[in-house]
Amino acid sequence: MAHFPVNHPARPLYRVLSGLIGLYILVFGVFGVFQTWGEGLFGRDSDWALGLRTNLAFSLVSVVFGAVLLVGASRRDNLGHYMNLTAGAVFLVTGILMMSVLQTSANFLNFSMSTVIVSLLFGLVLLATGLYDKVGTPEHAEEERQRRYHPIGERSR
């Protein structure tokens, strides 16, 4: 069974990375809402915000998702850990699904290939930050370190 590192020394850096991604997504969403306001919710026009193609639905989802990621990055408990793991998986799955429907009418979020690449990149970074930002007591961290560095056979002797 895999064990997540607890109280990783680079945890502040990972929280900053997830916070920057959340901030970008929030700002992208706000610009996208202003850009696409008055158009159809799932419009397929060529509206771009911060280098990514968008529509009103995608912009509204981005505002909510960016705010949620910022809240997760600002928390000092394991909520951010679980939020980053979940957000990373959501971004990866969304990027792959939207890439499979790019040139079809099923592209309801109006993705372009650049949007897919950014979604996959954000998904990988958020998944990595989620893997290393788990918080625990110093005793829990030491127990995980012992489990990681000493195989089971050595501990039983």
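Numbers for the structure displayed
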quantity: Which numbered condition Tyr24 misses (of (1) more than 26 Å from His8 (Cβ to Cβ); (2) surrounded by 14 or more Cβ atoms within 10 Å (Cβ to Cβ)); calculated: (1)
quantity: Filter pass, Phe91 being among the aromatic types (Phe, Trp, Tyr), part of a loop (DSSP other than H, G, I, E, B) and touching a Leu at 6+ places or on another chain (Cβ under 8 Å); calculated: no
quantity: Residue in the range 106-141 that is least open to solvent (accessible area, probe 1.4 Å), counting only those that are farther than 23 Å from Leu85 by Cβ and free of Cβ contacts under 8 Å to residues at least 24 places away in the same chain; calculated: Ala106
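The values are calculated or read from the model by the stated rules, or taken from the named source; none is laboratory data. These numbers were taken from a predicted model, which means no experiment stands behind them. Cβ sites come from the backbone with ideal geometry, for glycine too, and all protein chains shown count toward neighbours. Keep in mind that these areas ignore ligands, DNA and RNA; they rest on the heavy atoms of the full protein, side chains included. Shrake-Rupley method; radii C 1.70, N 1.55, O 1.52, S 1.80 Å.
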